[in-house]
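Heads up: the structure comes next, in structure tokens.
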Amino acid sequence: MKRKNLLVSIALFFFINGIIFSMIYSAQSKPFIDEIFHIPQTIKYCRGYFDEWDPKITTLPGLYYISVGVLMPLSALTGMDLCCVYGLQAINLIVSAVNFYLIYNISKRLHPNVMEDWKHLMTAANLAMLPPLYFFTFLYYTDIVSTCLVLLCYLLHLQHRPWLAATAGFMAVITRQTNIIWVAFFAFETIIEFLKEEAVWRRKKKITSVVESSFKYLQILNFVVIDLSKQDSYRIGHFIGRVLSSVIGYLLVGLM
């Protein structure tokens, strides 16, 4: 039933967006604002001119690579040139539905005790339609795809799949450079989780959500760091090795 509710919600979300998209395209079928830079650049990539670059563009070409990777195979299958204004704008229309799905799953991960599925669906709808983001659903901008990749990175991070999360993080960064902040945040949170595990092992009891939201949590983590520094080299090396095995992907993204 929950899966059915999710599919129906995504379909409804996509259907409504599709109507709005068609109305906007009917009124404005030419590149709008910064699309005058993004769309011609992507069309050049679709034609194979990867060595040509508009110096007015300040973002990395991640969005263009993704667009080419999606539209060119579809163009070959359908026999139509989908690398056009309509096709490029439609990418964000589709990705917005993916964002709905990702937010829903992130909400379930963060709030496992919330049994009412409609609350997770409402969270997904509210965030997917957040006005500063929703506006770009109908334009060929980096915002929707960039957000999608950050959400994917976060979900994979929550699922403890660090290498896949780092890969999504890399794609997010080459789509929009400022996403490196999110990659750094996930790396930092991973380190905190290891310290938390160490604290639980030493205290022989779980750390409650109340403690996690208090200053005492910082004191506990600080105690763990100080105590670890007093251990023998093997113990310290073992801990650092465990941490590095989970964050090295994020670190590599930061170095690229």
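The values are calculated or read from the model by the stated rules, or taken from the named source; none is laboratory data. Being a predicted model, the structure only gives us computed values, none of them experimental. Counting neighbours? That spans all protein chains shown, and the Cβs are built from the backbone with ideal geometry, glycine included.
The test for being touching a residue at least 40 places away in the same chain (Cβ under 8 Å), in the same structural domain as PHE136 (by TED's automatic domain parsing) and more than 26 Å from LEU102 (Cα to Cα) does not hold for ASP54.
Is it the case that some residue within the range 135-142 is under 20 Å from PHE32 (Cβ atoms) and surrounded by fewer than 16 Cβ atoms within 10 Å (Cβ to Cβ)? Yes, there is a match, as at least one residue in the range 135-142 is under 20 Å from PHE32 (Cβ atoms) and surrounded by fewer than 16 Cβ atoms within 10 Å (Cβ to Cβ). Taking GLU35 and the conditions (1) within 18 Å of LEU133 (Cα to Cα); (2) surrounded by 19 or more Cβ atoms within 10 Å (Cβ to Cβ), which numbered condition does it fall short on, given that it satisfies the others? If we test GLU35 against (1) within 18 Å of LEU133 (Cα to Cα); (2) surrounded by 19 or more Cβ atoms within 10 Å (Cβ to Cβ), just (2) comes out false. The residue that is surrounded by the fewest Cβ atoms within 10 Å (Cβ to Cβ), among those in the range 172-192 that are of a type in the set (Phe, Trp, Tyr) and touching a helix residue (DSSP H, G or I) at 6+ places or on another chain (Cβ under 8 Å), is TRP182.
Checking the structure you have, find out if any residue of the range 106-117 is loosely packed, with under 12 Cβ neighbours inside 10 Å and either of a type in the set (D, E, K, R) or not assigned by TED's automatic domain parsing to the domain that holds TYR25 (or both). Within the range 106-117, one or more residues are loosely packed, with under 12 Cβ neighbours inside 10 Å and either of a type in the set (D, E, K, R) or not assigned by TED's automatic domain parsing to the domain that holds TYR25 (or both). In the range 150-186, what residues are of a type in the set (Phe, Trp, Tyr) and farther than 22 Å from ALA128 by Cβ? Within the range 150-186, TRP163, PHE170 qualify. Where helices (runs of 4 or more DSSP H) sit wholly within the range 91-193, those with at least 1 residues that are in contact (Cβ under 8 Å) with a residue 60 or more places away in the chain and under 28 Å from ILE20 (Cβ atoms) occupy 117-128, 143-158, 162-175. Taken as a whole, the condition of being under 20 Å from THR142 (Cα atoms), in contact (Cβ under 8 Å) with a residue 12 or more places away in the chain and basic (Lys, Arg) does not apply to LYS44. The condition of being hydroxyl-bearing (Ser, Thr, Tyr) and either within 22 Å of the chain's Cα centre (by Cα) or crowded, with 17+ Cβ neighbours inside 10 Å (or both) does not hold for TYR86.
Checking each residue in the range 25-48 for being touching a Leu at 6+ places or on another chain (Cβ under 9 Å), modelled with pLDDT under 90 and part of a helix (DSSP H, G or I) picks out only GLU35. Just one of the listed residues (SER9, SER29) is buried (at least 17 other Cβ atoms within 10 Å of the Cβ), farther than 25 Å from ALA165 by Cα and in contact (Cβ under 8 Å) with a residue 40 or more places away in the chain, namely SER9. Among the residues of the range 38-64, those identified as surrounded by fewer than 17 Cβ atoms within 10 Å (Cβ to Cβ) and among the hydroxyl-bearing types (Ser, Thr, Tyr) are TYR49, THR58.
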